[in-house]
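Notes follow the structure.
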Amino acid sequence: AVGLTPEMLPMIITASLAKGSVIMAKEKVVIKKLNAIQDLGAIDILCTDKTGTLTQDEIILEYPLDIHAQLDLGVLKVAYLNSYFQTGLKNLLDRAIIGRTEKEALEHEDLRDLASRYKKIDELPFDFERRRMSVIVQEGSQVRMVTKGALEEMLSISNYVQDDGQIIALTDEIRADVLEAMSDLNDQGLRVLGVCYKNYDNPHHAFTVQDESDMILMGYLAFLDPPKPSAAPAIQALREHGVATKILTGDNEKVARTVCEKVGLDVDHILLGTEIDMMTDETLGELVEDITIFAKLSPDQKARIIRLLKAKGHKVGYMGDGINDAPSLRVSDVGISVDTAVDIAKEVADVILLDKDLLVLEKGLIEGRKVYANMTKYIKMTVSSNFGNIFSLLFASVFLPFLPMAPVHLIVLNLVYDLSCIALPFDNVDPEFLKEPRAWSAKSITRFMAWMGPTSSIFDIITFMVMFFLIGPMITGASYFESADPAYFLMVFQTGWFIQSMWSQTMVIYMLRSPKLPFVQSLPAFSLVVTSLFAVFAVTILPYTPLAGALKLAPLNAPYFVALLLIIVAYMALVTVVKAAYIKRYNEWL
């Protein structure tokens, strides 16, 4: 049991994760939970909103327009009242409206001092079912409800329109004209919000969402949020590393298609939130893997899509920064947010990006795979090596009249070997390994142990034979059964396997750390070479130090070391053959 236990496992894993978190912090990726590093390297699907991730996160209000798509600063004034007086978090759209109004106020007197001229009475906060919000304001004796939201929703609650200062009925013809103008704007990649209002005589009216009806559509606002120059290269880089990008957005499908097409995403198939509501989990589950863009989604629909992707066996990361992203951040395998996000998003997230850019995330993903690789190296090599030792010990207990290694030898061997592995978190990782997502697999570890452990036991048995029939009698002057001092023979034998075990365990690190040929095709880190060679040297000289008596070790002769070198060379050759067969059989290594 002691021999099978990788005693330094907690330290090696913690060191790997800590080293990874430090490197990722330098790349502007802050890890809140250490185990998220490996999870980040394992994701094969990244779900993200469009705004700020694919786009520049700096929305500009391009046009405040009336119902005829003509510039109208009156629409801007009403939208300002809604954005300024609402008490919720002001999003990018609100800030764009306020900023444009303050700029226009320098030249237009009617837009000046709106905050002091109007008094807020009440508000109806935004929610993702209504997709709109209303603020009730008063100027003098006039009370007005001003509402903004998705243009389709504004049309659904309006029966009238304001046309050149006149209030007229909203006809099907006007509705069609407005929707056509919105479609043209969407095709240009512009987001559109509708603005409407309704007047009241009673400032003490108890306002509810039922009052959002029979309203007057004043016009609409067109916003520009251009794609980031880095978005297309980042998506391509993620694709090359085995990560598919899916867009989960609340925007309409035309805006999403225009932006996504510019950054190289598949826009042939788009699924809308209204369609998702009519699907069962089974039906939706058959589609989620093949569709790249999901538009007009509510927060619950985003979380539902992520759950279905996970049910299909995918490791899913979600990137978001708003209140509405909290459910998706929580259900994803890795929640990713940014330092400018709302508090709830940062609290739920596992990873915080200091720069809202997919290129930054791609660097973090690669580092996560490096951490996984080096942790897996230690686990697989140590467990298989220890299993080989125990397997050899059990075999020897049947055929030898004594234990081939004392318990204290086993403990010292594991201690020195594990200490030599402290450099593994800093080892190099083959570039090819970083191209695919990597996930933990207990089955893989067991399989690796079953193949590699008995391989080392073959040469342990050869060592037993060499020590029992050749080296032992050569040093003590007689065989074990004829020796005048069988205790000394036992010390010689155990010392021989003790040193051979250290050599084989340590040298095989270079064979198992990569599927490639060591030093020729895959170069280990210098620190790993130093620690492993020091471990071999330390164990080899132990029989010649004052500690030899306490550890019951005996000096060995030159023929032993000749035999040891031959055994190690043969062992390395067999491991190379077994490694090739293992890779061919299971198409994996670490």
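Quick look at the numbers
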{"quantity": "Dipole of the chain [Lys/Arg +1, Asp/Glu -1 at C-beta], most positive-end residue of GLY189, LEU124, ILE366", "calculated": "ILE366"}
{"quantity": "Spatially close lysines, pair count over segment 288-444: Cα under 19 Å, gap of eight or more or interchain", "calculated": "15"}
{"quantity": "Whether segment 224-289 is rounded, prolate or oblate, judged on the alpha carbon gyration tensor where a/c under 1.5 counts as rounded", "calculated": "oblate"}
{"quantity": "Accessible-area value, HIS314, 1.4 Å probe, nucleic acids and ligands omitted, Å²", "calculated": "40"}
{"quantity": "³J(HN,Hα), Karplus 6.51/-1.76/1.60, whole Hz, each residue of segment 495-505, x for Gly, Pro", "calculated": "5, x, 6, 4, 5, 4, 4, 5, 4, 5, 4"}
{"quantity": "Karplus (6.51, -1.76, 1.60) ³J(HN,Hα), θ = phi - 60°, over segment 160-168, in Hz, Gly and Pro reported as x", "calculated": "9, 9, 9, 10, 6, x, 9, 9, 10"}
{"quantity": "Electrostatic dipole magnitude of the chain [Cβ: Lys, Arg +1; Asp, Glu -1; Cα centre; debye, to 20]", "calculated": "3340"}
{"quantity": "D (Stokes-Einstein, µm²/s), Kirkwood Cα radius, segment 89-222, 0.692 mPa s at 37 °C", "calculated": "206"}
{"quantity": "Cleavage-rule hits (chymotrypsin sites (Phe, Trp or Tyr not before Pro)) in segment 326-400: DSSP loop, at most 14 neighbouring Cβ within 10 angstrom", "calculated": "none"}
{"quantity": "Calculated Rg and Dmax of segment 193-247 using C-alpha coordinates, Å", "calculated": "22.2, 62"}
{"quantity": "SER332 accessible area, assembled protein chains, probe 1.4 Å, Å²", "calculated": "10"}
{"quantity": "Cβ-based charge dipole, the chain, positive-most Cα from ALA105, MET215, ILE471", "calculated": "ILE471"}
{"quantity": "Sequence-distant residues sharing a close amide H with ILE157 (under 5 Å, placed H)", "calculated": "none"}
{"quantity": "Degrees between helix 172-187 axis and first principal axis of the chain (Cα, 0 to 90, nearest 10)", "calculated": "40"}
{"quantity": "Positive minus negative residues near ASP110 (Lys, Arg vs Asp, Glu; Cβ under 13 Å)", "calculated": "-3"}
{"quantity": "With DNA, RNA and ligands ignored, accessible area of LEU517 (1.4 Å probe; Å², nearest 10)", "calculated": "80"}
{"quantity": "Environment charge of PHE387, counting only residues whose C-beta is closer than 13 Å and scoring Lys/Arg +1, Asp/Glu -1", "calculated": "+1"}
{"quantity": "Under 11 Å, Cβ to Cβ, from VAL195 - net charge with Lys/Arg +1 and Asp/Glu -1", "calculated": "+1"}
{"quantity": "Share of carbon and sulfur in the accessible heavy-atom surface of the chain [1.4 Å probe, %]", "calculated": "60"}
{"quantity": "Karplus (6.51, -1.76, 1.60) ³J(HN,Hα), θ = phi - 60°, over segment 365-378, in Hz, Gly and Pro reported as x", "calculated": "4, 5, 5, x, 6, 5, 4, 4, 4, 6, 5, 5, 3, 4"}
{"quantity": "Separation between Cα centres of segment 508-587 and segment 347-377, rounded to whole Å", "calculated": "33"}
{"quantity": "Accessible surface, the chain, averaged per residue in Å² (probe 1.4 Å)", "calculated": "43"}
{"quantity": "Dipole of segment 230-352, positive direction: furthest Cα of VAL351, THR249, VAL288, with charges on the beta-carbon", "calculated": "VAL351"}
{"quantity": "Restricting segment 78-185 to GluC sites (Glu not before Pro) in coil, as DSSP defines it, with at most 12 other Cβ within 10 Å", "calculated": "GLU107, GLU129"}
{"quantity": "Charged-residue dipole, Cβ positions (Lys, Arg, Asp, Glu), segment 420-544 about Cα centre, Debye nearest 20", "calculated": "440"}
{"quantity": "Hydrodynamic radius by Kirkwood, which averages 1/r over all alpha carbon pairs of the chain, in angstrom", "calculated": "28.6"}
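The values are calculated or read from the model by the stated rules, or taken from the named source; none is laboratory data. This one's a predicted model, so the numbers in the text were calculated from it and none came from an experiment. Positions of Cβ are generated from backbone atoms using ideal geometry, with glycine treated the same way; all protein chains shown enter the neighbour counts. Keep in mind that these areas ignore ligands, DNA and RNA; they rest on the heavy atoms of the full protein, side chains included. Shrake-Rupley method; radii C 1.70, N 1.55, O 1.52, S 1.80 Å.
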